[in-house]
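Novice: Got a structure for you, questions after.
We did not get these values from a lab; they are worked out from the coordinates using the rules stated. Since we're looking at a predicted model, the values are computed, not measured. A quick note on method: Cβ atoms are made from the backbone with ideal geometry, for glycine too, and the neighbour counts reach across all protein chains shown.
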């Protein structure tokens, strides 16, 4: 089992995830990992003061559908690049600023494949995986809006949906 | 019966919506259910009419005119914001 897709409330261990990818094969020559964190400000919402500190962030997802979509995104990456292993971990539930929220890691023979595949996985995850973020700031809860820049980034990889 | 799911901000607007609706086999569609919701929940129906809102049936993205059947799980999905 060289791929790992997890949706979990628990935190993850960057060193442990790196080690798992490194141990997959002695042919692995490049590992790129990305880790997303919860910021303490939110500039993408029209209803939240960008200077107001974020108290917390809650992540909702669609159980069953999210797992299938992430597995599909991983398969698409494996069609595009020769990947020895892929890890995608996304946390759900309530998180605080500076908490780790998402991890993507890929193991390949060469660095460009690893950088590109990691970027592709994040771009697709951001625009296709069924997660929704709600932030609490100044005592107010607010669901976040999707960013056009994320859709633009995903679109640069070409047609992604079957429909 | 058809189970209804609302995610993100749609869930807040659908607070008082019955999550299980009876329908005539194959005659109901996501669009028809949206129109039915508009009778009592206009704010929700307005938000559901936004072009970025997607619908899924049994966890597969479908078109708004997809026929629905007894036991289907219909979900309304606002633009995703994970990562």
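Novice: If I model the protein assembly as shown as equal point scatterers sitting on the Cα atoms and use the Debye formula, what is log10 I(q)/I(0) at q = 0.08, 0.12 Å⁻¹?
Specialist: Log10 I(q)/I(0), no solvent term: -0.35, -0.76.
Novice: Still on this structure: At 222 nm, what helix-only mean residue ellipticity would chain B give, in deg cm²/dmol to the nearest 500, using -39500 (n - 2.57) for each DSSP H run of four or more?
Specialist: Helices in chain B give a 222 nm mean residue ellipticity of -7500 deg cm²/dmol.
Novice: Taking the Cα centre of each part, how many Å lie between segment A:1-18 and segment A:37-77?
Specialist: 17
Novice: A further question on this structure: Evaluate peptide A:55-68: per residue, the Cβ atoms of other protein chains within 10 Å of its Cβ; return the mean as an integer.
Specialist: Per-residue shielding by partner chains comes out at 3.
Novice: If I take every Cα pair under 8 Å that is 6 or more residues apart in chain A, average their sequence separation and divide by the length, what percent do I get for the relative contact order?
Specialist: 32
Novice: Follow-up question, since we're still on this one. Return one number: the angle in degrees, 0 to 90 and rounded to the nearest 10, between the long axis of the Cα atoms of helix A:65-80 and the longest principal axis of the Cα atoms of chain A.
Specialist: Once rounded, one gets 40 degrees.
Novice: Want the number for residue B:32 to residue B:19: 0.36 nm per residue separation, take away the alpha-carbon distance, what's left?
Specialist: Length gained, residue B:32 through residue B:19: 3.1 nm.
Novice: Would you mind computing Rg(Cα) / (2.2 N^0.38 Å) for segment B:2-77, counting N as its residues?
Specialist: Cα-based Rg divided by the globular estimate yields 0.97.
Novice: Given a cut-off of under 8 Å on Cα pairs at least six residues apart, what relative contact order in percent is computed for segment B:2-77?
Specialist: On the way: 117 pairs, mean separation 35.2, N = 76.
Relative CO of segment B:2-77 lands at 46 percent.
Novice: Take every residue in peptide B:7-16, count the Cβ atoms of other chains within 10 Å of its Cβ, and give the average of those counts.
Specialist: On the way: counts 8, 10, 6, 2, 4, 3, 0, 0, 0, 0.
Other-chain Cβ atoms within 10 Å of each residue's Cβ, averaged: 3.
Novice: Quick check for you: which residues of segment A:87-124 have the amide N under 13 Å from the point 7 Å beyond the Cα of residue A:30 toward its beta carbon?
Specialist: So the set is A:106-120.
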